[in-house]
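Report on one structure; see the data block that follows.
The values are calculated or read from the model by the stated rules, or taken from the named source; none is laboratory data. None of these values were measured; they are calculated from a predicted model. Neighbour counts are summed over all protein chains in view; Cβ atoms, including those assigned to glycine, are modelled from backbone coordinates with ideal geometry. Accessible surface is based on the protein model in full, side chains and every heavy atom, while ligands, DNA and RNA are left aside. Shrake-Rupley method; radii C 1.70, N 1.55, O 1.52, S 1.80 Å.
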Amino acid sequence: MTITVNGLDELKKLAGSDLGTSEWIEITQDRINTFADATGDHQWIHVDPERAAEGPFGAPIAHGYLTLSLFIPLFTELLDVQGVTTKVNYGLNMVRFPSPVKVGSRIRLVGKLAEVQEVPGGVQIAVDGTIEIKGGTKPAAVLTSLSRFYS
């Protein structure tokens, strides 16, 4: 369920709050191939299903940065900030990829609004995110994402 806030003051009140869990999304070979085309990273462990089946993971795996790029659509399921003029991805403090995401896996985001701090004209938030793999013992990604919202 999406948490909706209106304006920076309401956003500030959420500091330290759990944001919940997104819906599951499937990582398909088509999504991986499209990402490979967009980035020019056509390494066989991602795009060659036959060779990847014989490789160290037993199947093609998603690029780590593909998994990371899905943070934004998954995050928008958790938090909707209205009443602001601009929303900006400001960067990352930390990213780790503890487990590969095999083709056909389903992933979701668990988020916590770790910090809200004022910046000139707005606020910056730090979101601690864990991208889980359905049925997995380790997450696909663990990260701290920074975003800025301006009034």
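Only residues that are assigned to a strand (DSSP E or B) and either open to solvent by less than 50 Å² (accessible area, probe 1.4 Å) or of a type in the set (Phe, Trp, Tyr) (or both) were counted across segment 93-108, and they come to 2.
So in segment 2-18, with the set limited to residues that are among the aliphatic types (A, V, I, L, M) and touching a Ser or Thr at 6+ places or on another chain (Cβ under 9 Å), which one is most open to solvent (accessible area, probe 1.4 Å)? Out of the qualifying residues, it is 3. Where helices (runs of 4 or more DSSP H) fall entirely within segment 5-89, those with at least 1 residues that are in contact with a helix residue (DSSP H, G or I) (Cβ under 7 Å, 6 or more places away or on another chain) and not aromatic (Phe, Trp, Tyr) are at 29-39, 44-47, 49-53, 64-69. Among the residues of segment 109-124, the ones that are out of contact with any helix residue (DSSP H, G or I) (no Cβ under 7 Å at 6 or more places or on another chain) and either open to solvent by less than 30 Å² (accessible area, probe 1.4 Å) or assigned to a strand (DSSP E or B) (or both) come to 9 in all.
Scanning segment 36-73 for residues that are of a type in the set (Phe, Trp, Tyr) and under 18 Å from residue 25 (Cβ atoms), we see that the one that is surrounded by the most Cβ atoms within 10 Å (Cβ to Cβ) is 71. Among residues of segment 29-48 that are without any contact (Cβ under 8 Å) to a residue 12 or more places away in the chain, those with a Cβ under 8 angstrom from a residue that is outside any helix (DSSP H, G or I) and open to solvent by less than 80 Å² (accessible area, probe 1.4 Å), sequence gap 6+ or separate chain, pair up as 44/55.
Remark: residue 56 falls outside the filter, which requires a residue to be within 20 Å of the chain's Cα centre (by Cα) and under 23 Å from residue 134 (Cα atoms).
Screening residue 141 against (1) surrounded by fewer than 16 Cβ atoms within 10 Å (Cβ to Cβ); (2) under 20 Å from the mean Cα position of the chain (by Cα); (3) of a type outside the set (Lys, Arg) leaves a single unmet condition, (1). Quick check: is even one residue across segment 78-92 free of Cβ contacts under 8 Å to residues at least 12 places away in the same chain and either surrounded by 13 or more Cβ atoms within 10 Å (Cβ to Cβ) or over 13 Å from residue 131 (Cα atoms) (or both)? No. Residue 151 falls short on exactly one of the conditions (1) more than 19 Å from residue 2 (Cβ to Cβ); (2) at pLDDT 95 or above; (3) not charged (D, E, K, R), and that condition is (2).
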